Amino acid sequence: MTVEPFIFKDYVALENPTGIRAAGLSEMQVCIRMVDDNVIYNHMILSHLRQRRQRWEYPNDFAKWAAYSLNNFVVAEALANYSPFERKDMSEIRDDILGIIDEHMWNHGGRDVVRQGWEFYFNGCTTFAFDGACRANNLRELRDGLEKANLSSIYYHYFEAFTRQEGEVDDISFWIEHNFNLPGLVEQLRGWDFYFLSLDDLRNKIIRVLNHYLPKDIE
Amino acid sequence: MKNNGKRNGIEAYAPLVGEPVVALIRKLAARLRGARVLNINSTREGGGVVEILGRLVPLARGLGIDMRWETIQGTRSFFATTKKMHNALQGNQVNFSERELQYYEQVNRDNLDRIDMDVDYVIIHDPQPCPLVQYIPEGVTKIWRCHIDLSRPNRKLWRYLREWVKQYDASIFHISAFAQQLPHKQFLIPPSIDPHSVKNRPVPSKTVRTTLMRYGIDPQRPVILQISRYDRFKDPIGVIEAFLMVRKHYDCQLVLAGEQAADDPEGAQVYEEVREMADKHPDVHALMLSRENNHHKVNCLQRAATIIVQKSIKEGFGLTVTEGMWKAKPVIGGAVGGITAQITEGLNGYLVNSVDGVAYRCRYLLTREKRMKEMGRAAKKSVLERFLITRHLSDYLAMLLAVKHPARTMIEL
C-alpha cells in the first residue's frame, strides 16, 4: 500500500477587531447575532491557539470574559462546559451560545454590566496555512515531526481540522486511518476530551501514544 | 565584533524562541522578498515606537524586505499640538482651534519633499503624520499604526482624525479595546521587546550594583521602580504617594526614572513637579536619564528592582511592563490599556486601580519573597510566549500579506 505523505502545515493567525463591544449579556446577545461566523470561530476555537502553553481556566473567550470581567461564574461555567466540536458549523455554535445566554438570563436575570474598559470586544481573524518543511511517510517520521513542529501547526492539524475535515476528525488520526491498518491507534487518538487540553499537552499526548505503537507495530 | 551578521539577524533568536519559529518567519518573509515598505513616524529619539522600529526595520531588511524608516520634521508648536492631540485621544477634554489643525496639516504637507513614497506599502505611525495619507500615491497600500490608548478618545478630535484614518487601507491597534468602527480591515498586533537589545540583555550583577551606587541608591535595601517618561498619564505623583504609604512599614527606596522624548514638550514641566516632591524625601530618587547610554542604565535599574510599578492611568501598551516581566520581576500595573493584556491578575503580576492599590500590593509582595520569585518566573514565560520581537515581526509580515486580500479570512500560501 502506497503511503501518502503527511505534510505538516505551518499556521499563522491574526486578529481583526470589528470595533463592536458588549458591556453585558443582553448586549452580547445582540452582538453575537450580528457578527460574522469568522468572529464566532475566533472566540470559540482560535482562543486555544492564543492560550498556547499558558495556564487557563476557561476554554473560550466568551466564558473567560463572563468569569473575569462580568464576574458571572454561573454563565461562565455553562459557556465553558459547551463543546463546539459536536456541531457542524459556526451558525450552529452561534445558536447554541445564544441559547446558553438566553437560558441563563431567563433563570437568573442578567442585567449586570461591566465597568468601562472591561467590555467584550468582538474580533474576527485572518489565518494563513502553508506547507511546512516537514513531511512524514511513516509513524516514526510523524512523531519526529510533531516534536519539532510549531504549536500553531499542532493547532492547525487538530482544532482547525475539525472545522475543515469532512467527518469532523483531526488530520493526524485521519491520515493514520487512511494509510495504516491501525484502528486501535486511531481510536485512541480520537478518544480524548481535547477541547480542554493545552496545545503542549495535546502534542505530548499524541507523541506518547505514537511511541507506544512504534516498536510493536512498525519495526 | 565577530560574526556580526549572524548576531544581528533573525538566527540570533532561535536559541530563545526555537528554530521552528524562526523558520516560520523566514517562510513568511520569502513571500514578501523585495517588497518596499516605508515606515513614517515623528521622532528617532525616545519612546517605544523608536525602539520597535529600530529593531524591526533591520530584521526585515535582513530577511530580504526593503523596509525603510523616515521621520517627519516639525516645529515646537507642531509638537505642542500633537502632544495635545495625544492627550485628547487618550480621553482628555481639550479643544483645538481651526488654526492649530490647519498648522498640523501644513507641517505634514511641508514634509512631502523630504519623503520618497515610491514604495509598495506605507505604514504611518500615530497621529502626528496621519494626514500624509492624502499624498500617498495611488496603488501603494496605506496602513495606519496606532500606538496609543484610543479606548475613549475625545469625540470631537476623533471625528476630525477619523476622516484621515478612513482613507487608509488598514489600521493596526495594540489591543481590541483601542479598535474603532472603521470602513477598512483592522489588525491587532501588540508591540514587543528585543531580548538582545542593550535594554534587555543580561547584565553582570557587579555592573548593576555600580549603576545603583552612581545614582546614590542603596543596593542593600529593596527598590521599588517606575521607569517611564515624565507624563501625567504615568501618574508619577501617585507613585510617590503610594511609596510614602509603603515606607511607613518597610525600609525601602523608590526610584522614578525617565528620559525626555523629542516629541513630548510637556515632560520637563512634569519632571519639575516630581522632583520638587522627591526632594522632600531622601528615599525617593527622581532621575532624568540622559540620552547617553540610557538603555543600559534602564536595564541595570530594572534588574536591581525588587518590585516594578507602572501606575499608568492611560497606557498604549506599557513596554516598561514587558521589560520588567522579561527580567523576571513582579510588576504592579495600572488596570488600563495594554497593561491589562500583559498582566494576568495574581499569576504574572498585579493590576491595580488606585494609589492605595499600589501601596497594598507592594506591602503584600514585600512580605512574600517566594511569591515574588514565582510571579517573576511566570512573567518572564509570558513575555517569551507573546511579547518578543519575533512574534511582532511574524505578525507584521502576515499583516502585509493579509492586507492585499482584505476580503479573505483564510489564506493558503
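The phi torsions of segment B:209-219, fed into the Karplus equation with coefficients 6.51, -1.76 and 1.60 and a -60° offset, translate into couplings of 4, 4, 4, 4, 5, 4, 8, x, 9, 7, x Hz, rounded to whole numbers, with Gly and Pro shown as x. Reported to the nearest whole Å, the Cα centre-to-centre distance from segment B:378-413 to segment B:287-317 is 27.
Remark: chain B carries a charge dipole of roughly 1300 debye about the Cα centre, counting +1 on each Lys and Arg Cβ and -1 on each Asp and Glu Cβ. Considering only alpha-carbon pairs that sit under 8 angstrom and 6 or more positions apart, the relative contact order computed for segment A:1-156 is 49 percent. Each of B:161, A:158, B:238 was scored by the projection of its Cα onto the charge dipole of the protein assembly as shown, and the greatest displacement toward the positive side belongs to B:238; charges sit on the C-beta of Lys, Arg, Asp and Glu.
Computed on the Cα atoms alone, the convex hull of chain A gives a volume of 121 cubic angstrom per residue. Exposure proxy shown here: for B:322, B:81, the number of other Cβ atoms within 10 Å sets the order, fewest to most, as B:81, B:322.
Based on Cα contacts under 8 Å between residues 6+ apart, chain B shows a relative contact order of 16 percent.
Restricting the calculation to Cα atoms, the protein assembly as shown yields a radius of gyration followed by a Dmax of 25.4, 84 Å. Shape verdict for segment A:12-124, please, from the Cα gyration tensor: rounded (a/c under 1.5), prolate (a/b greater than b/c) or oblate. Rounded shape, in that the Cα axes give a/c under 1.5. In chain B, the longest principal axis of the Cα atoms and the axis of helix B:355-366 are about 60 degrees apart.
Applied to segment B:77-88, the Karplus parametrisation 6.51 cos²θ - 1.76 cosθ + 1.60 on θ = phi - 60° returns per-residue 3J(HN,Hα) values of 5, 4, 5, 5, 5, 5, 5, 4, 4, 4, 5, 5 Hz, with x for Gly and Pro. Taking GluC sites (Glu not before Pro) as exposed when their DSSP state is a loop state and no more than 15 other Cβ atoms lie within 10 Å, the longest site-free interval of chain B runs over B:139-291.
Taking the charge dipole of segment A:12-124 about its Cα centre, with +1 at Lys and Arg Cβ atoms and -1 at Asp and Glu Cβ atoms, the residue from A:99, A:118, A:66 reaching farthest to the positive side is A:118.
Close amide-amide hydrogen proximity is noted between residue B:411 and A:127, A:128, A:129, each under 5 Å apart and 5 or more residues distant or on a separate chain (H modeled in the peptide plane; Pro and chain starts excluded). The ranking of B:76, B:55 by Cβ neighbour count inside 10 Å, starting from the fewest, reads B:76, B:55. With θ taken as phi - 60° and the Karplus curve 6.51 cos²θ - 1.76 cosθ + 1.60 applied, the whole-hertz 3J(HN,Hα) list for segment A:26-34 is 5, 5, 4, 4, 4, 5, 4, 5, 9 Hz, x standing for glycine and proline. The alpha carbon centroids of segment B:142-163 and segment B:212-267 are separated by 30 Å. Distances between placed amide hydrogens fall under 5 Å for residue B:68 paired with B:37, B:38, B:39, all partners being 5 or more residues away or on another chain. What you get for segment B:174-303, charging only the Cβ of Lys and Arg (+1) and of Asp and Glu (-1), is a dipole of about 620 debye around the Cα centre. Computed from the Kirkwood radius of its Cα pairs, the Stokes-Einstein diffusion coefficient for segment B:205-386 at 20 °C and 1.002 mPa s stands at 134 µm²/s. Within a straight-line Cα-Cα reach of under 19 Å, residue B:166 can be paired with the following lysines, leaving aside sequence neighbours fewer than 8 residues apart in one chain: B:142, B:156, B:185, B:404. Diagonalising the gyration tensor over the Cα atoms of segment B:161-201 and scaling each eigenvalue by 5 before taking the square root yields semi-axes of 29, 10, 8 Å, largest first.
Report summary: the helix-based calculation at 222 nm, which adds -39500 (n - 2.57) for every DSSP H run with n ≥ 4 and divides by the residues of chain A, gives -14000 deg cm²/dmol. Sorting the Cα pairs of chain B by distance into bins of 10 Å, from 0 upward, gives 4, 22, 32, 26, 13, 3, 0 percent per bin.
Between the amide H of residue B:230 and those of B:259, distances stay under 5 Å, these residues lying 5 or more places away or on another chain, with hydrogens modeled in the peptide plane.
Restricting the trypsin sites (Lys or Arg not before Pro) of segment A:31-130 to loop positions (DSSP other than H, G, I, E, B) with no more than 15 neighbouring Cβ atoms within 10 Å leaves A:53, A:55, A:88, A:111, A:115. Given the C-alpha centroids of segment A:20-72 and segment B:169-205, what is the distance between them in whole angstrom? Value for the Cα centre distance between the two parts: 22 Å. Charge dipole of chain A (Cα centre as origin; +1 on each Lys and Arg Cβ, -1 on each Asp and Glu Cβ, all else neutral): 640 debye, rounded to the nearest 20. Only lysines eight or more places from residue A:9 in sequence, or on another chain, were considered; those with a Cα closer than 19 Å are A:148, B:27.
Give the angle, between 0 and 90 degrees and rounded to the nearest 10, that separates the Cα long axis of helix B:267-278 from the longest principal axis of the Cα atoms of chain B. Computed tilt is about 10 degrees.
Every read-out reported here was derived from the displayed coordinates using simple, explicitly stated rules and does not represent laboratory data. Here the structure is a predicted model, which means the values were calculated and not measured. Note that each Cβ is placed from the backbone with ideal geometry, even for glycine, and that neighbours are counted across all protein chains shown.
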